[in-house]
Structures are given as structure tokens and as C-alpha cells.
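Values in this text are rule-based calculations from the coordinates and carry no lab data. This structure is a prediction, so every number in the text was calculated from the model and none was measured. Cβ atoms come from the backbone with ideal geometry, glycine included; neighbour counts cover every protein chain shown.
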Amino acid sequence: MRTAYRLFLAAFLLIPLSACELVYKLPTRQGNVIDQKEIDKVTLGMTRDQVRFILGTPIAASTLTDDRWDYFGYYKPPRGDAFSRTVSLYFKGDQLVRMEGEKKPQDIEAAPDRKTLKAEAEKDKTEAERDKEKKDSGIIKPPDQQEHQAPEGG
């Protein structure tokens, strides 16, 4: 009897652990959002300001040598494999002379672009606003009997 009780208690305590995959996990984004359409706009011979205008500020720029900028993007969806991408740009003086990682790898087909990220942020904002609104419980209450009775004495 005592062993059955312990077995039941152990099973009861392990049930919540088995449901861990049912919890929603937030997508993780770090570094630069690397959009292939923007990278395709960058061409050799552009100035630093032109590159910064198109791609934004690099996540890693060496303070010792100012000739290399690295754009690093990391994305992990709620379910599935994480992927990352690095684009390195090399400058000589003020002009772009070489690019590495500018071609889209085959395994990054599911990476979101800026438009998708903006749509997700808008959706999250809308859901947060809806949660703040006062919601009816959905229960229909029967009318009060005193309100619908005919007045007496008349």
C-alpha cells in the first residue's frame, strides 16, 4: 500500500514536467537583422556612410583596425533549429573593397526579414492591448424577477 502511494505521488509530480513542451517559447533574435534584399543593394566601391545607411550600424567593428565591419545575425524560432549568419565587409580607406558572406546560405530560408519582424511586433502589441481591455465573462445572467413583475395595486 505504501509503495503504491509513493508511485502515485511520483507520477503526480512528474506530470507537470512532461508538459514543458506545451509552453510557448519566445523567438530569440540577437545582433543585426540581416535582410538579403538590403545586402544585395551593397556594391563594391560604396563609402562607409552609404553602407551604414543601407545595413545600419555593424554589430562588430574593430577599434584597432577600422577596415572591417561584421554584421552578425542570430535567430532561434520557438520551435526548430537556430541559425546565424555573418556578413563581413572590408574597407580600404573609405571605400568597400571586399565582402564575405553576402550570398544567402541555403539553410537560412526560414529567417525572418524586417517586414516579418515588424508584423510580429505589431501582433504582440495588439494582443497586449486586447488583454488590457475589460472582458465579459460570457455568462448570461437571468433577469432579476423584481424588474419584470407588474406593479401591485393597479
*asked:* Give me the one-decimal nm value for the distance between modelled label points at TYR24 and GLU100, 7 Å along each residue's Cα-to-Cβ direction.
replied: 4.0 nm
*When the Debye formula is applied to the Cα atoms of region 22-116, each taken as the same point scatterer, what base-10 log of I(q)/I(0) results at q = 0.17, 0.19, 0.23 Å⁻¹?*
-0.74, -0.88, -1.19
